[in-house]
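Enquirer: Provided herewith is a single structure, encoded as structure tokens, for subsequent inquiry.
Laboratory data are not the source of any read-out in this text; all were calculated from the coordinates shown. Source: prediction; values computed, not measured. When we count neighbours, we look across all protein chains shown, and the Cβ atoms used for this are built from the backbone with ideal geometry, even at glycine.
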Amino acid sequence: MRALLDTHAFLWWISDDRRLSDRAREIIGDGRNELYFSAASGWEISIKAGLGRLEVPEDLQRFIPDQLSRNAFQSLPIYLSHALHTRNLPEHHRDPFDRILISQAILEEMPLLSSDHQISSYPVEVVW
């Protein structure tokens with residue numbers, strides 16, 4: 001299975017947070033799955049950490065790639081097609097980070113591992 005991690009799914013996995021669902025934990029923990037971490041999630045983490053809304057190690061440029069490597073997560077860049085596709089999305093969700101993740105999941109044809117129920121309003125498979 002190929003799947004895209006929502007930012008909170010990534011953070012909850014690496015911190016062993018109990019809010020991560022059993023199903024998400026099973027998918028992430030199964031080494032046969034190809035899991036993707038979006039550049040948008042890196043951007044979101046960086047911004048929230050800078051605003052003091054998220055506590056993470058200071059050196060994100062070392063910490064995030066290290067976590068991706070340790071967990072065998074693949075990095076997914078934001079392509080122009082991903083960015084432009086956000087215009088086609090209905091306004092169910094206004095968060096720009098979620099909108100780009102939704103676009104990526106749609107265009108890359110993979111489910112999104114997310115606890116955000118609003119995302120189900122879009123033509124994307126949400127797994128939680």
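Enquirer: Can you list the HN-Hα couplings for segment 9-15, worked out from phi with the Karplus curve (6.51, -1.76, 1.60; θ = phi - 60°), rounded to whole Hz and with x for Gly and Pro?
Expert: 5, 4, 5, 5, 5, 6, 9
Enquirer: Can you run phi through the Karplus equation (6.51, -1.76, 1.60; θ = phi - 60°) for segment 112-118 and list ³J(HN,Hα) in whole Hz, with x for Gly and Pro?
Expert: Karplus values, whole Hz, x for Gly and Pro: 10, 7, 7, 8, 7, 5, 4.
Enquirer: Give me the three principal axis extents of the chain from the C-alpha atoms, as integers in angstrom, largest value leading.
Expert: Result, largest extent first: 36, 33, 24 Å.
Enquirer: Rounded to the nearest 500, what is the 222 nm mean residue ellipticity of the chain from helices alone, with -39500 (n - 2.57) per DSSP H run of 4+ residues and division by all residues?
Expert: Mean residue ellipticity, 222 nm, calculated: -13000 deg cm²/dmol.
Enquirer: Taking Cα pairs under 8 Å and at least six residues apart, what relative contact order does segment 2-127 come out at, in percent?
Expert: The value is 32 percent.
Enquirer: For the ranges 37-43, 120-126, 5-11, what's the packing order if you count other beta-carbon atoms within 10 Å of each residue, average per peptide, and put the highest first?
Expert: Details: 37-43: 20.7, 120-126: 15.9, 5-11: 24.0.
Top to bottom by mean Cβ count within 10 Å: 5-11, 37-43, 120-126.
Enquirer: Have a look at Leu101, Leu20, Leu51 and tell me which one the Gaussian network model of the chain (Cα, springs below 10 Å) gives the largest fluctuation.
Expert: The residue with the greatest mean-square fluctuation here is Leu51.
Enquirer: Let me ask something additional. Can you run phi through the Karplus equation (6.51, -1.76, 1.60; θ = phi - 60°) for segment 42-50 and list ³J(HN,Hα) in whole Hz, with x for Gly and Pro?
Expert: x, 5, 4, 4, 4, 5, 5, 5, x
Enquirer: Only sites in a loop by DSSP and with at most 16 other Cβ atoms within 10 Å count here; which trypsin sites (Lys or Arg not before Pro) in segment 75-128 make the cut?
Expert: Answer in residue order: Arg94.
Enquirer: Hey, another quick one. If you stretched the chain out fully between Val127 and Asp16, how much longer would it get, using 0.36 nm times the residue separation minus the C-alpha to C-alpha distance?
Expert: Stretched fully, the Val127-Asp16 segment lengthens by 38.1 nm.
Enquirer: Now, a different point. May I ask you to list the trypsin sites (Lys or Arg not before Pro) in segment 1-58 that are in a DSSP loop and have at most 11 other Cβ atoms within 10 Å of their Cβ? Kindly include the intermediate steps, with their values, before the conclusion.
Expert: On the way: sites: Arg2, Arg18, Arg19, Arg23, Arg25, Arg32, Lys48, Arg53; in loops: Arg18, Arg19, Arg32, Arg53.
Passing both the DSSP loop test and the Cβ count: Arg18, Arg19, Arg32, Arg53.
Enquirer: Placing unit charges on C-beta atoms (Lys and Arg positive, Asp and Glu negative, everything else neutral), compute the dipole magnitude of the chain about its Cα centre in debye, rounded to 20.
Expert: Roughly 100 debye, rounded to the nearest 20.
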